[in-house]
Every structure is written in structure tokens, then in C-alpha cells.
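The values are calculated or read from the model by the stated rules, or taken from the named source; none is laboratory data. None of these values were measured; they are calculated from a predicted model. Cβ atoms come from the backbone with ideal geometry, glycine included; neighbour counts cover every protein chain shown.
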Amino acid sequence: MTELTPLSDALLRWLPEQRWFGGKNRDLSEVSTRDAVTLLDGDPKLVHAVLRTPDGEYQLLVGRRRELPEHLAHARIGEVDGFVYYEAVHDTELMRRLLELIAEDTWVGGIHFAPEPGAQIVPSQRARPVGAEQSNTSVIYGQDYILKLFRRVVVGPNPDLQLHRALQSVGCKHIARPLGAITDEFVVLGILQEFLSGAAEGWAMATASVRDLMAEADLHAAEVGGDFAGESFRLGQSVAEVHADLRRALGGGQEGPERLYEAVQAMHRRLDTVLADVPELARYEPALRAVFEEARNGPSVVDVQFIHGDLHLGQVLRTATGWKLIDFEGEPAAPLAERNALRSPLRDVAGMLRSFDYAAQQLLVGNPADHQLEVRAREWTARNRDAFCDGYAEVGADPREQGPLLRALELDKAVYEVAYEHGNRPDWLTVPLASIARITAGED
């Protein structure tokens, strides 16, 4: 029993309402507190908790106050014995404590708050949480630091921390420098990095370019002032340089036909699962399976290495000095073993190519069909896909030289997107379905 045990009923109601909680689509039958460690005593009080649920274990920072200020009312969890308990990531006073602990290289109740070697942390920065996140939560400190807190508690090597450290060791210029970590034995709970103040998100830049194009009645993508192709080319170069740095830091290898066979079988299994839930996909099944089988008949060996694992325009930032890749955690819903496995760098390329398509199509979702706008969206997508691959080929092997495998990986990603949109955003289902139709028809 811990201090938070009396909060169990309140947590049963509160957890399913949180965007980061993976079990929000199912009835939550029980929740318990595995560990509760006091990080700051008094009023306010800060407690680090690990919650057990049927969906797995989650990290939660809990604040406790006798009186909850109005600006924290939205974070309220419940009340016990005259004290109000709330989610502490919204409390600037309590979040400063985490930065202080990292700067001091401190152990508290089995949790290690540690700076990276050579990092000098100034703990007097004001904290503010980042909004609109899904699986994790981040806190920004002033203009210097950002702390990413992993909500799911997963035992084992954390690819986000490992890959950032590896890239830092070889002087990679396309990452935010790792500055510290919060760990609990074999679990990484958080990563502190430099905050890229003033950086622009790739998704925002790309969609602004699409809007510029669609606002022009007669100009082609190359003629519009907001043309994104130059940035796509530089982004391709940056991704290839990160792949090269990962190989230099951690090595790589080659895998034969057996592993390729397994990868294609996994594509078929994913398709089987999604077909059972999304009947709209059925008309494309024969063409999808044919593309998957074509990939099986490709090269006898495939280069594999550590990769980003969940690359898209929302995972890249444009700074004054170039593109930065962020969040090397991989697909959060994927098993840890898969996220730590050596894989083809073409998976990252395929993810980015799919993201270009989403950026172009998102303005069409929910609007009446407009043939001219659809043509312009496809033009934008094709131009930026080509530019990205051209940039990648300036540094590494041209991904288009492995066309069958790249197409299969793109379509596998699109099948995943069909499942996601069907379950979360039905109005967006047309985006991956239209892409599947084009790719299987040889139009992309």
C-alpha cells in the first residue's frame, strides 16, 4: 500500500480520459500503484508513481496541495483527507524539481536523475508543458531544455536514449543533443535534451507549402513561392547522413532471403488483420499481395542497421542550421524487441514518402471532390517525393534502386494507416486508400 492507494477509484475514472493512456477505448477494471517515490515533500508535494493497469504500467507524476490553484484545476485527479491530488506536469513549480535533480546527479528511492557526461545543467529555468502530444509528455525549461517523459514503463534498452547517445558520440549534426536521463534500474523514464528554440516543424512547413500551391489557380508546384522541394531535398540528405552516422556508431549487417521472407509474411499477416475490420480494403487485396511477393523476389541480401523507426514530417524540425530528427523511440505501439532490431533504412524512407502524401491530401479531407485540387495535390506529392529521394541519393544509395522493396514497405505502412484511420479518424480513410490505389496501379 502506498500514499496513492486511496486514489485508485479516482484514477479509474481519470486515466481513460488521458490522451496518452493506451487503454482508453476499453473499460478500465482496475488500477494499482506499484511504486510511489516522494521527490519533494511539503505543500506542494511531488510524488513519482508507477501505475499498474490491465493495459500495462504507466509513469505518473502526482502533485499534492491543500488548495489547488485555479490554473491547475484541469489537472485534478481526486481528493484524499483534505488534500487535492493532480497531474504534476502542469505545475511549473514542481517540474523545476526534476531539472534540479538531474543537475545534481541524484538518486531518490531507486530513481537516478543524471546529466550526460560533460553536460552543464542550469536548473533555474521556468517549466512549461508541451500540449497536443499522444503517447508521451514533454516539459520545456526556458529556451534551453526539453524533458521527454515516457508514459509507458517498458523494461529494456530504450532506443530513443541509446540512438541519441550513439549519434552524439560520432558528432551527428542532425539531432538535439542529449543532456540527461531519468532511469529506474532497467527502465528509462525520461530524456533531457537541448531545446531547439525557434525551430519549425516539418509538417507545418509542408502543409503551408500545399496551401500556397492550392491557392494558385494556374501555377505549378515549381512556380509557387512556397515550393517545398528544396527543403525536401535537404531533408533527404539529412536522413541519409543520420543513417550513415548510425552505421558508423553502431555498425550494421546484411540479412539473407530468410529474413526477407519473414518480413513479407509479416506484411501479409498485417493485411489479413486489417481486411477483417476494413471491408473497403478488400478490392486492393490481390494487388497488395502481388507487390509484397514481388519484394520477396528482390535482392538476395538486404542491408540492415539501426534506424529511426517512426519517421515522418512531424518528427523533423528545421532550424537555422538545417534539419534535425527527433524522437528515435520508434513506433510506440510496436514491441520493444522490434524497435531495437536492425532493419532496412528503407523503412524510414517509406515512412517519409507516406508523410508527403498525407501533407498533400490533408487539405482535401472533408471537402467536396475537386479534380483540379486532387491533381495539384498529386503533383506536390510527386515533386517532393522525388526531391527527397534525390537528396538521399546525394549521400547514400538511391532508395529507388530497390523499387520493389520500397513499394512493399510503403504499402505495408499504408495498410497500417488504413487500420489507424478506420479506428480513429474515419473521414481520413480515403487518404491511405487512395494511395494504395495509386501505388498498386504503378502511378507513384
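Observations
- Selection count, the range 360-381, where residues are assigned to a loop (DSSP other than H, G, I, E, B) and either among the hydrophobic types (A, V, I, L, M, F, W, C) or free of Cβ contacts under 8 Å to residues at least 60 places away in the same chain (or both): 7
- Residues located in the range 281-296, provided they are under 21 Å from Glu421 (Cβ atoms) and touching a Ser or Thr at 6+ places or on another chain (Cβ under 9 Å): Tyr284, Ala287, Leu288, Val291
- Residues in the range 344-382 that are of a type in the set (Lys, Arg) and at pLDDT below 95 were compared, and the one that is nearest to the chain's Cα centre (by Cα) is Arg378.
- For Glu293, the requirement of being charged (D, E, K, R) and surrounded by fewer than 17 Cβ atoms within 10 Å (Cβ to Cβ) is met.
- Looking across the range 307-348 at every residue that is closer than 29 Å to Gly256 by Cα and among the basic types (Lys, Arg), the one that is surrounded by the fewest Cβ atoms within 10 Å (Cβ to Cβ) is identified as Arg347.
- Ala282 fulfils the conditions (1) outside any loop (DSSP other than H, G, I, E, B); (2) aliphatic (A, V, I, L, M); (3) surrounded by 18 or more Cβ atoms within 10 Å (Cβ to Cβ); (4) in contact with a helix residue (DSSP H, G or I) (Cβ under 7 Å, 6 or more places away or on another chain) except for a single criterion, (3).
- Scoring Gln18 on the criteria (1) at pLDDT 95 or above; (2) surrounded by fewer than 17 Cβ atoms within 10 Å (Cβ to Cβ) leaves a single failure, condition (1).
- You will find that of Leu68, Leu72, Leu61, the residue that is of a type in the set (A, V, I, L, M) and closer than 26 Å to Glu194 by Cα is Leu61 and no other.
- Out of Val210, Val188, sole residue that is part of a helix (DSSP H, G or I) and among the β-branched types (Val, Ile, Thr): Val210
- When residues in the range 191-218 are screened for being over 19 Å from Arg128 (Cα atoms), surrounded by fewer than 22 Cβ atoms within 10 Å (Cβ to Cβ) and aliphatic (A, V, I, L, M), 6 of them pass.
- Selection of the range 382-432 for residues being in contact (Cβ under 8 Å) with a residue 40 or more places away in the chain, of a type in the set (S, T, N, Q) and farther than 22 Å from Arg296 by Cα yields Asn384, Thr430.
- Inside the range 208-246, residues that are out of contact with any strand residue (DSSP E or B) (no Cβ under 8 Å at 6 or more places or on another chain), among the β-branched types (Val, Ile, Thr) and modelled with pLDDT of 95 or more make up a count of 0.
- Among (1) under 28 Å from Gly330 (Cα atoms); (2) basic (Lys, Arg); (3) surrounded by fewer than 19 Cβ atoms within 10 Å (Cβ to Cβ), the one test that Lys148 misses: (3)
- Selection of the range 151-174 for residues being surrounded by fewer than 21 Cβ atoms within 10 Å (Cβ to Cβ), part of a loop (DSSP other than H, G, I, E, B) and in contact with a Phe, Trp or Tyr (Cβ under 8 Å, 6 or more places away or on another chain) yields Val153, Gly156.
- Residues of the range 131-148 include none that is in a helix (DSSP H, G or I), over 19 Å from Asp184 (Cα atoms), touching a Gly at 6+ places or on another chain (Cβ under 9 Å) and without any contact (Cβ under 8 Å) to a residue 60 or more places away in the chain.
- Just one of the listed residues (Ser169, Ser135) is more than 16 Å from the chain's Cα centre (by Cα) and closer than 18 Å to Asn340 by Cβ, namely Ser169.
- Checked against the criterion of being within 28 Å of the chain's Cα centre (by Cα), farther than 18 Å from Pro332 by Cα, part of a loop (DSSP other than H, G, I, E, B) and not polar (S, T, N, Q), the candidates Asp43, Asp27 yield just one match: Asp27.
- Extreme residue, surrounded by the most Cβ atoms within 10 Å (Cβ to Cβ), among residues of the range 73-123 that are in a loop (DSSP other than H, G, I, E, B), in contact with a Leu (Cβ under 9 Å, 6 or more places away or on another chain) and in contact (Cβ under 8 Å) with a residue 24 or more places away in the chain: Asp91
- Single residue of Ser238, Ser209 found to be over 30 Å from Ser169 (Cα atoms), of a type in the set (S, T, N, Q) and touching a residue at least 40 places away in the same chain (Cβ under 8 Å): Ser209
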